[in-house]
Amino acid sequence: MARHGSGFALLIVAQVAACGDPPAPPAAPVQPPAPAPYRVQIGDQLAIKLFLTPELNEDVTVRPDGRITTQIAEAVPAAGLTPEQVAASLRTAYAMELKAPRITVEVKAAAPARIYVAGEVATPGEQTTDGPPLTLMQAVARAGGLRVSGDASRVMIVRRGADNRPVILGTHYADVLAGRDAAADVTLQPFDIVVVPRTNVAEVYVWVNQHLQQFMPVSWGFSYNVNPLLNATKP
């Protein structure tokens, strides 16, 4: 019975696979023409400088709640904003104590950049780096590489846009992996999510396991009956 069930399951896999690949993610540039402005992260060290009152210059660290406190202002929002936006908020707060304060904010020490790799890789999860930003291939390599079920032709990047909405970016990871296009090994940005979907065959395998095995015993080995008609004539 297991032999016939296995053959039937394999036939189902072949028929479903013949229906074609699942729809690809929306087409998008492999890499935006210009990187997005840097946004302050929790743990960043900021240098606050006042042009007319240098005695108020100081370095502050962005707290876990995303705010900073200075000699003049308390609990000023910082995480998720650009340094210029933080400076604008400080100018408003300092104006209560100083006349027309001229303030600049610089990122003196950035917190480790975080990116995430999800889907069909050996070790999905968060990755951090203190040095140069990781490239797509480096991030996947850190995650242990693609599983057999991973589809290299449909790897995508989920990135927060200027309005903080997620944007799906297509990649040419398969071309990088095959050595056809080194330029497709794009540089990732903080908080990017690299998603490796399943191949079509892997999706079908999961579907068969979920929907057929509850009705029949299925053996995924190689000992199924290759020529049932010939075997049926044997004494």
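The values are calculated or read from the model by the stated rules, or taken from the named source; none is laboratory data. All figures in this text were calculated on a predicted structure; none of them were measured in a lab. FYI the Cβ positions are ideal-geometry reconstructions off the backbone, even for glycines, and counts take in every protein chain you see.
Overview of values
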item	result
All positions within segment 41-95 that are among the basic types (Lys, Arg) and either in contact with a helix residue (DSSP H, G or I) (Cβ under 9 Å, 6 or more places away or on another chain) or in a strand (DSSP E or B) (or both)	LYS49, ARG67
Subset tally (residues that are exposed (fewer than 13 other Cβ atoms within 10 Å of the Cβ), in a loop (DSSP other than H, G, I, E, B) and among the small types (Gly, Ala, Ser)) for segment 96-119	1
Options ALA139, ALA118, ALA110, ALA152: the member that is of a type in the set (Gly, Ala, Ser) and either under 30 Å from LYS49 (Cα atoms) or in contact with a Gly (Cβ under 6 Å, 6 or more places away or on another chain) (or both)	ALA110
Out of ILE103, ILE157, sole residue that is of a type in the set (Val, Ile, Thr) and at pLDDT 95 or above	ILE103
Test result for GLY170, touching a residue at least 60 places away in the same chain (Cβ under 8 Å), over 23 Å from GLY43 (Cβ atoms) and small (Gly, Ala, Ser)	yes
Residue among THR53, THR128, THR69 that alone is surrounded by fewer than 17 Cβ atoms within 10 Å (Cβ to Cβ), under 15 Å from the mean Cα position of the chain (by Cα) and of a type outside the set (Gly, Ala, Ser)	THR128
Single residue of segment 180-196 satisfying the filter (modelled with pLDDT of 90 or more and not in a loop (DSSP other than H, G, I, E, B)) that is nearest to ALA111 (Cα to Cα)	ILE193
Pair list, Cβ under 8 Å, 6 or more apart: segment 46-63 residue farther than 13 Å from LEU98 by Cβ, other residue of a type in the set (D, E, K, R) and not in a strand (DSSP E or B)	THR61/ASP44; VAL62/ASP44
